[in-house]
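Contents: one structure, followed by commentary.
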Amino acid sequence: TGTTRPQRLLRAVQERATRGDSESVIAAIDHFCRHQEWAMNVGDEKGFILDSVVSEVSPQTALELGTYCGYSTVRIARLLPPGGHLITLEFNPNYAAVARQVIAWAGLEDMVQVVEGASGDWIPHLREHFGIESFDFVFLDHWKELYLPDIKLLEECGLLRKGTVLLADNVVCPGTPDYLEYVRKSQSYESHYFGSHLEYTRAEDGLEKSVYLG
Ligand SMILES: O=C(NC/C=C/[C@H]1OC[C@H](O)[C@@H]1O)c1cc([N+](=O)[O-])cc(O)c1O
Ligand SMILES: [Mg+2]
């Protein structure tokens with residue numbers, strides 16, 4: 001036994017970051033991933049693109065699929081406008097437990113709800129459970145083969161509205177070919193690719209921003 005990588009990432013946050021200072025939490029995780037152990041956070045380079053899209057949308061209601069250790073959760077939540085709220089779905093309970101502590105260390109727990117379970121099980125219940133009418137912003141970063149079925153489910157559940165912005169991580173590496181083809185071909189989406197690199201590496205990767213047109 002011993003510690004897991006998420007637990008070692010959390011310890012790095014608690015040792016290096018200042019409680020309540022979300023910028024120092026982000027910096028501590030980036031330092032850990034560059035100098036100690038690579039981890040599958042969206043990272044600083046793609047994170048900068050994520051920041052710019054979140055700031056542009058300024059969402060009252062935001063959804064994240066795939067929390068992992070909460071790095072992108074913190075990046076999004078720190079930029080929410082007053083009254084804004086972020087729901088983040090995570091399948092793995094060990095990841096969720098670490099994420100809750102990272103989010104709390106950043107002082108953002110009041111704007112974020114970490115929900116444990118499978119996205120496909122939860123999406124049909126988000127309205128009744130959290131009183132959500134529709135989402136202004138969705139960040140996709142969970143299992144890559146679930147991106148497409150999950151946005152189709154969001155459409156069917158009426159959780160997307162004219163102008164909802166979807167931002168998808170890893171559309172090149174590891175890749176989400178069926179999702180990309182769908183959002184780029186569908187008349188219901190206006191899509192744009194932001195080229196970047198796989199977190200903390202020189203490999204190509206990027207984010208796809210897709211606006212739902214209804
Ligand atoms: O699988 C990735 N993300 C999905 C995460 C999947 C895990 O977290 C949610 C679920 O509990 C699963 O165990 C991923 C993988 C790489 N990668 O380089 O392999 C890079 C990334 O940015 C990624 O988001
Ligand atoms: Mg990712």
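Things to note:
- Cα shape, the chain, gyration tensor, a/c 1.5 rule: prolate
- Phi angles of segment 63-80 translate, via the Karplus equation with coefficients 6.51, -1.76, 1.60 and θ = phi - 60°, into HN-Hα couplings of 10, 10, 9, x, 7, 6, 9, x, 4, 6, 4, 5, 4, 6, 4, 5, 10, 5 Hz per residue; Gly and Pro are given as x.
- Packing-based ranking, highest mean first, of 55-63, 96-104, 69-77 given that Cβ atoms within 10 Å are counted: 69-77, 96-104, 55-63
- When only alpha carbons are used to place a centre, segment 1-78 and segment 171-214 end up 21 Å from one another.
- DSSP-defined beta bridges in the chain - what % are antiparallel, rounded to 5: 40
- The charge dipole of segment 86-193, taken about the Cα centre with unit charges on the Cβ atoms of Lys, Arg (+1) and Asp, Glu (-1), comes to about 240 debye, rounded to the nearest 20.
- Taking label positions 7 Å along the Cα-Cβ direction at both His192 and Arg11, the computed distance is 4.3 nm, reported to one decimal.
- Sequence-distant lysines (8 or more away, or on other chains) whose Cα lies within less than 17 Å of Lys152: Lys144, Lys162, Lys185, Lys209
- Ordering Ile151, Ile26, Ile49 by the number of other Cβ atoms within 10 Å of each residue's own Cβ, fewest first, gives Ile49, Ile26, Ile151.
- Dipole magnitude (debye, nearest 20) for segment 28-154, charges at Cβ of Lys, Arg, Asp, Glu: 80
- Cβ crowding within 10 Å averaged over residues, with 4-11, 34-41 ranked highest first: 4-11, 34-41
- Magnitude of the charge dipole for the chain, about its Cα centre and with charges confined to Cβ atoms of Lys, Arg (+1) and Asp, Glu (-1), is about 300 debye.
- Restriction of the trypsin sites (Lys or Arg not before Pro) in segment 114-214 to DSSP coil positions whose beta-carbon has at most 12 other beta-carbons within 10 angstrom yields Arg202.
Coordinate-derived values only; no laboratory data. From a predicted model like this one, the values you see are computed outputs, not experimental measurements. Every residue, glycine among them, receives a Cβ derived from its backbone with ideal geometry; neighbour counts consider all protein chains shown.
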